[in-house]
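Q: Below you'll find the structure I mean.
Since every read-out is calculated from the coordinates, none of them should be taken as a lab result. What you see is a predicted model; the values in this text were computed from it and never measured. So basically every Cβ, Gly included, is an ideal-geometry build from the backbone, and we count neighbours across all protein chains shown.
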């Protein structure tokens, strides 16, 4: 299982089993060195145009209903942007199928919030 926190600052990963496995400390320095060697992607505050979903999450109300979605989108020039989606059909699709790699359009919204359109 893998996930990202709602503020996109923490990544979580868990492996679950009914039988305990060997416990080893991770090679934190090696992992960090590998991450540091990767090219950096600039994050654009505003963007309009075609994009590809790199990752996404759907936030839910206390009632369990989907409220809104957040996508991190890869842009044609290699940059990235954050974009929101409120469309009920898109939220349902995001929960029923895998949207990573899907082509979308990003349009400007109010208050400099990018909006995902399918």
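Q: With just the Cα atoms defining each centre, how far is region 79-98 from region 1-73? Give it in Å.
A: So the two Cα centres are separated by 15 Å.
Q: Sort 25-38, 67-80 for me by packing, meaning the mean count of neighbouring Cβ atoms within 10 Å per residue, highest on top.
A: Output ranking for 25-38, 67-80: 67-80, 25-38.
Q: Given a cut-off of under 8 Å on Cα pairs at least six residues apart, what relative contact order in percent is computed for the chain?
A: Relative contact order of the chain: 23 percent.
Q: Taking the chain as a Gaussian network, Cα atoms linked when under 10 Å apart, which of 39, 50, 20 shows the biggest mean-square fluctuation?
A: Largest GNM mean-square fluctuation: 20.
Q: Given the -39500 (n - 2.57) contribution per DSSP H run of 4+ residues, what per-residue ellipticity at 222 nm results for the chain, rounded to the nearest 500 deg cm²/dmol?
A: -4500 deg cm²/dmol
Q: A further question on this structure: Counting residues in the chain as N, plug N into 2.2 N^0.38 Å and put the Cα Rg over that result.
A: Dividing the Cα radius of gyration by 2.2 N^0.38 Å gives 1.25.
Q: What is the distance, in nm, between label points placed 7 Å from the Cα along the Cα-to-Cβ direction at residue 48 and at residue 61?
A: 3.1 nm
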